[in-house]
Amino acid sequence: MMGDKDYKQTINSALDVLTKETTQQISEPANKNEIFLHEVTRCMRRSYFDRFDAIETSGKEFERVLGGLIRKLPYGAKLGEFAIDEIRLKGQADMIVDDIVIIFKTVKEPPENPSASDVLYLNGCMWIFDKTEGVIVYMTGDGTETSFALYREKKMFEEVIRRVRVFSNLISDKKVPILEPSGECSSCQYYERCYIKKREGKQITISELFGSKNK
Ligand code: SF4
C-alpha cells in the first residue's frame, strides 16, 4: 500500500477483468452438449469443479490471458466446432497461419518435450479446424522460445472423443469425475478437495486422550 491507494488490489482487479475479457467463458455449465476442448485435454475433475463449484485463480494463469489477447488480434483464430453426435466440441487455436495451427504457452523453463495435455489440445484443434500441421510455441520470461511441430493424429483424437463423451455423461448425471493424478495437481486450486480430507468432530488434547487428571 502506498499513500491511500492499494496498488496490489488495483492490479489484481485489472488482471481479473483482463482474464474475463480474454478467456473462454462457459455460459451454460449444465449443458452436456457443449464441451470445450481444454476441459477434456486436462484433468476432467478440475474442469468439472470449474463448471459447478469454481475456485477463482485470481489472474495467475497468464498464459490464458496471453492466448486470449493473441486471439483478439485480427490474425487470431476464431472458435471452431466439431460435431460428435449431438455434442458440439468447441476449441480455439491461438493463430492459424499458412494452414498451420499455432498455440502459445508460457513456461518457467524451456521443456525437453511438449506436455501431453498440450499435444492433445493442439491435435484436437487440427481436427476441429481441418488442418494437418500444428506448432506449440513455449515461451519463457526471458524471451527464450522453444517450438514443437506435430502432424495430425487420428488415434489421439479418438481418445479425446472418448473423453468428451465421458465428460458429457458425468455432467448429465451430476457426478464428479475421478481423480486424475498428474504433475498438474501441485498447481491446482482444488488440491485440498482431492487429497486432504477435512478433520471431522471436535479436537481433543493429548491429556484428554490419555485421561490425565493430575492437575
Ligand atoms: S488436484 Fe489433480 S486430480 Fe484434483 S482436480 Fe486438480 S488436477 Fe485434478
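Side notes on the structure shown:
- Partners for Lys8 among aspartates and glutamates (Cα-Cα distance below 13 Å; same-chain residues under 8 apart left out): Asp16
- Qualifying trypsin sites (Lys or Arg not before Pro) in the range 140-185, where qualification requires a DSSP coil assignment and no more than 14 other C-beta atoms within 10 Å, comprise Lys174, Lys175.
- Fewest-first ordering of Val97, Val40, Val137 by other beta carbons within 10 Å of each residue's beta carbon gives Val97, Val137, Val40.
- Highest mean packing first, where packing is the average number of other Cβ atoms within 10 Å per residue, the peptides 143-151, 81-89 line up as 81-89, 143-151.
- Nearest-0.05 FRET efficiency for Arg162 and Glu28, computed from C-beta distance (R0 25 Å): 0.65
FYI, it's all coordinate maths here, none of it is from the lab. Keep in mind that what you see is a predicted model, and the values were worked out from it rather than measured. For neighbour counting, all protein chains shown are included, and Cβ atoms are generated from backbone atoms with ideal geometry for every residue, glycine included.
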